[in-house]
Amino acid sequence: TGVPRCGAALHEPNKALRIELNANANCIWQIQRNANQTIRLIFSHFKLAPSSSCETESIKVFDGPSTDSPLLGQVCDDTDAVPVLESSSDSLTFLITTNSVAFTRNFFVYYYFFSPGSRTDNCGGELTGPNGTFSSPNYPAPYPEFRYCVWHIQAPKNSKINLQFQDFFLELDRNCQLDFTAVYDGPTTNSGLLGKVCGRAQPTFESSSNIMTVVLSTDDTNSYRGFSAQYSSVPLPGPTEPNTTLTCSSDSMRIVLSKSYLASLGFSEAHLQLNDPSCRPVITDSVIFSFPLASCGTIKKDEGHSITYTNSISLAPAGSGITRQKNTEITAECRMKSNETLEVIYFTKPNAIQHMAGRGRYNVSMAFYESELFSKPIQYSPYYVDLNQTLFAEVTLHSTDPNLQVFIDTCTASPQHDFGSPTYDLIRSGCNKDDTVVTYPAFENHGRFKFRAFRFLRSFPSVYLQCDVVICDSNNTNSRCARGCISRQKRDISPYTWKTNTVVGPIRLKRDLRAAEYTESLTEAEAGKTPNLQQYNFYTLAFVVLISNILIVVAVILKHHKHQAGYSYKNIQSS
């Protein structure tokens, strides 16, 4: 991107900025252009110092040419959204300030000028009713560049929304920085982020109420077919005691408290806080705490077969006329167990400590990359390769907790997408089973390895790869991740912390692609069509070279036996 390390004056109609800052930074970027248009600024990825406060470390965006202009918004470590800000004119300024903590901050931000209300900015919409469908612009054709589409879904009252993406293909990158879909649990993009996805997937989401917001954001690099989605409504339970829900995801914890239930306990929504008092709720029809797992004073505990995140909501009396015990609180606990998604809530009697427990799962994906730099993912499917070509695979954990480690326990190849027999082991119990497998050291929230396209491909047209992945606390030196390869004899004494699997594929041989292209050209010729000239020349040249080689070999053999066969080499040449 060529942007100076700390601040810049930007005049291009659109630009992507990859920014890296250390401690005690105070950097200003100014965007201005005489275009009579509006600027849309998107912070698609940001990593500030963990547990930093807004007062000491943040991103501030101003609606004008300087930091004296009106404040549009502020982004902090506990911001639970993909920040998107729009100017009211053709200038905008943002300031990034960091505190004294030694930590490398990373940001990916891009902006573009656009005309509000124009045809090119017309997408998204309002969806009402118990169920419905919607899709990205131009679906199934590639979606257009520089689009920001927002769908507001409202189901009948006393229901929640189940959203399912039946087909989903967006540009893939490590942090979903370029093209992405974001889903929010409420009427706006400030309602709490349920998840952000890109690449190829079939994600599903569930709201805590009858309102959900879905966003599609695209840049100008690569476009794919986008998505097709459907939603349905599910009735909420009747007004019983548990008018409180806890949702645990790979990125965040979300606690929804009913105002009526709080009132029945004699407490007001105005007197609520988490372990970190600066983390306050969003108050709508309910009281909502939504925050990244590793923030707001959340306590993490490695319990062998699971990782538990715990936070507490402190309650204060709503009025002086009501007597309650002084240290009443609600404890919320997210337990990440293998392949479990069920949220369970437990309540004790009123006037005692309320305990909520939820079970969630980490969000893990896998992709192939062009090289061991792991910077350019393979965007197409099937992935056509040469036999013995080195393939680079990366498993990514999508979580806001920086102290997690990804360990690749087992990787198996199969011609069946459901991984029926036959199968071929690349990695088993952390041990390399194929001679060509090389596992890279753990890096942030990624697990990486490389291997050569195996002979398995010779016998089957397609091969899929499935990896069992273990997630551990990186500070636990006795975790499954820290033990590495485990032999058969020691396998049962090494419990994992959290385990899931992820699939990528299919992989196919390039020779099969060439054969398919040749068959297609023959079919076109039989139908009276003109074959592709490049293919025609290739096969003609191959035929001539083959005949020439045969003649040369025959000539050499006859020359060697010319006395016995009675032939003249010159006669062979002339013929």
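Approximating the spin labels as points 7 Å out from Cα along Cα→Cβ, the S371-to-Q166 distance works out to 4.2 nm.
For region 125-235, the equivalent ellipsoid derived from the Cα gyration tensor has semi-axes of 24, 13, 12 Å, listed largest first.
Here region 141-298 exposes an accessible surface that is 49 percent carbon and sulfur, computed with a 1.4 Å probe and the other protein chains kept in place. Extension gain for the segment T188 to Y424, taken as residue separation times 0.36 nm less the Cα-Cα distance, is 80.2 nm to one decimal. Between A23 and Y440, the modelled labels are 2.9 nm apart [label points 7 Å from Cα along Cα→Cβ].
Label positions at H271 and D90, each projected 7 Å from the Cα along the C-beta direction, are separated by 5.5 nm. With a cut-off of 8 Å between alpha carbons and a minimum separation of six or more residues, what is the relative contact order of region 125-235 in percent? Taking the mean separation of contacting Cα pairs over the length of region 125-235, I get 44 percent.
Cα convex hull, region 380-475: 111 Å³ per residue, rounded to a whole number.
Based on the Cβ-Cβ distance of N36 and A263, what FRET efficiency does E = 1/(1 + (r/R0)^6) give at R0 = 35 Å, to the nearest 0.05? It comes to 0.10. Once the C-beta distance of K433 and E145 is scaled by a Förster radius of 56 Å, the resulting FRET efficiency is 0.80 to the nearest 0.05. The length gained on full extension between D220 and K301, counted as 0.36 nm times the residue separation minus their Cα-Cα distance, comes to 24.9 nm.
In the structure shown, the pairs K196/K376; K47/K300; K157/K259; K47/K376; K15/K196; K157/K300 are assessed against 24 Å; a Cα-Cα span above that value is assigned to K157/K300.
Percent of Cα pairs in region 8-114 per distance bin of 10 Å, from zero to the largest separation: 15, 51, 28, 5, 0. Pairs of Cα atoms nearer than 8 Å and 6+ residues apart set the relative contact order; for region 8-114 it is 46 percent. Using the empirical formula 2.2 N^0.38 Å as the baseline, the Cα radius of gyration of region 83-128 reaches a ratio of 1.75. Full extension of the chain between S115 and S278 yields a length gain of 54.9 nm, computed as 0.36 nm times the residue separation minus the alpha carbon distance.
From most to least packed by mean Cβ count within 10 Å, the peptides 248-257, 106-115, 122-131 give 248-257, 106-115, 122-131. Projected over all directions and averaged, the alpha-carbon convex hull of region 58-117 occupies 5.1 nm².
If you look at the Cα atoms of region 149-302, you get an Rg and a Dmax of 17.0, 55 Å.
The values are calculated or read from the model by the stated rules, or taken from the named source; none is laboratory data. Since we're looking at a predicted model, the values are computed, not measured. Please note: Cβ atoms are built from the backbone with ideal geometry, for glycine as well, and neighbour counts cover all protein chains shown. Calculation scope for accessible area: heavy atoms of the full protein, side chains included, ligands and nucleic acids excluded. Shrake-Rupley method; radii C 1.70, N 1.55, O 1.52, S 1.80 Å.
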